1. Suppose accessible area is computed on protein heavy atoms with a 1.4 Å probe; arrange R192, R356, R169 from highest to lowest.
2. Keeping the other protein chains in place, figure out the carbon and sulfur percent of the accessible area of the chain, with a 1.4 Å probe.
3. Could you check what % of the DSSP bridge pairs in the chain are antiparallel, to the nearest 5?
4. L257: net charge of surrounding residues, Cβ under 14 Å, Lys/Arg +1, Asp/Glu -1, itself excluded?
5. On full extension of the chain, what length is gained from D351 through I159, given 0.36 nm per residue of separation minus the C-alpha to C-alpha distance?
6. What Kirkwood hydrodynamic radius, in Å, does the chain give when the mean of 1/r is taken over all pairs of distinct Cα atoms and then inverted?
7. Among V328, V299, V118, determine the one that fluctuates most according to a GNM of the chain built with springs between C-alpha atoms less than 10 Å apart.
8. Sorted by average packing, counted as other Cβ atoms within 10 angstrom per residue and highest first, what order do 89-101, 225-237 take?
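The values are calculated or read from the model by the stated rules, or taken from the named source; none is laboratory data. Given the structure is predicted, the values throughout are model-derived calculations rather than measurements. Note that we place each Cβ from the backbone using ideal geometry, even for glycine, and neighbour counts take in every protein chain shown. The area values use the complete protein model at the heavy-atom level, side chains included, leaving out ligands, DNA and RNA. Shrake-Rupley method; radii C 1.70, N 1.55, O 1.52, S 1.80 Å.
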Amino acid sequence: MKLTFPHMGNTYIPVKAMLDDLGVNCIIPPFNNKKALEIGTKLAPELACLPLKINLGNFIQAYEMGADSILMTGGCGPCRFGYYCEMHREILSDMGVDMKVITLDIPGNDYNKLLNNVREITGGLNIYKILKAVKNTVEVSKKVDELERLTFKIRPREIHKGATDKIYRSFLYSILKIKGSRNIKKHIDKARNKLLEIQTDKEMKPIRVGIVGEIYTTNDPYSNLYIESRLGNEGIEVTRPVTVSGWIIDHMIKKALHLKGDERYKEAAKPYLGTMIGGHSQETIGNTVLFAKDGYDGVVQIFPLGCMPEIVSESILPSIERDFKIPVMSLIIDEMTGEAGYMTRVEAFIDLLKRRREIDAFEGKGMLSWN
Ligand code: SF4
């Protein structure tokens, strides 16, 4: 079996670590690119979510590299993610692409299907080996997220512009050649040490922006046109609470074990959105409130065109903007998104935040309207 899986930001690193540890042959598709999006856009229904289109592009590119099976996570609830596996299966089979789709779904109380799928991937069921691989995967995912967070801190403060991007980009490519969780962890530590050597302005108090929205487009730099790096290079420190490790730990492992994750966002979202409506909308609302209470300068919401949960969030965010006097900008992404128009909006938002800082410095707290 030659297994592939979709790209979503840095997810390929912990997934590769897990499959390496389990001795599974995996083929990682090329990093998300224009060609993958074009392939997916041709194959998927026009109104399908953008992540589904890029996933299809990833699968076809991996198929051309020799992959014969796909590993996906499943989902349930009110948004379209629950149909993804079935849609991939149907679309690929209509195209005559012979790939098996294996779904790792979070079981209710029936663990048999999950165990059978694990058995199929690993060619057996050595529980000790599997638990060890899961533990290592969690560790790798945490380390990758810490490394990414470090880039968010260093980038706006670096003295020589571009130093963070150079080290981080080289890490993202070089990790493809490293095998096994133990070596991958060492490689992450090396990249961390290199980042810590970058000369920074210790006195600088950068503008702080929170990134919220749909998990794929917020975590995947190709889909969001590298917004975190662009903001960082403009001297803005970003924070993104929805991460790969959070998804693996809270949404997969803890859910499977019926354990509670970090639910501060739920409490914060309550006055505006008291229930889960699919995707990460409750996180979007709750984290925006938490950012506002924490004194952040602004919030950017990112989501794919037609993403139902985030459309609801978008309609609620103006109330939070008004109640907490925090500017919020929504960026909607699809395959037609033009870089120039997108960047004009981002730059205008940055100007607004800088102007607010100046006004605060001279006249005390002031609010300029974004909308
Ligand atoms: S969260 Fe949004 S983009 Fe993701 S599957 Fe659901 S509707 Fe589609």
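1. Order by accessible area, largest first: R169, R192, R356.
2. Solvent-exposed carbon and sulfur of the chain make up 56 percent of the total.
3. Percent antiparallel among DSSP bridges in the chain is about 5.
4. Result for the neighbourhood of L257: +3.
5. Extra length from D351 to I159 when fully extended: 67.0 nm.
6. Value: 21.6 Å, from the Cα pair sum.
7. Checking each option, the largest mean-square fluctuation is seen for V118.
8. Packing order, densest peptide first, comes out as 225-237, 89-101.
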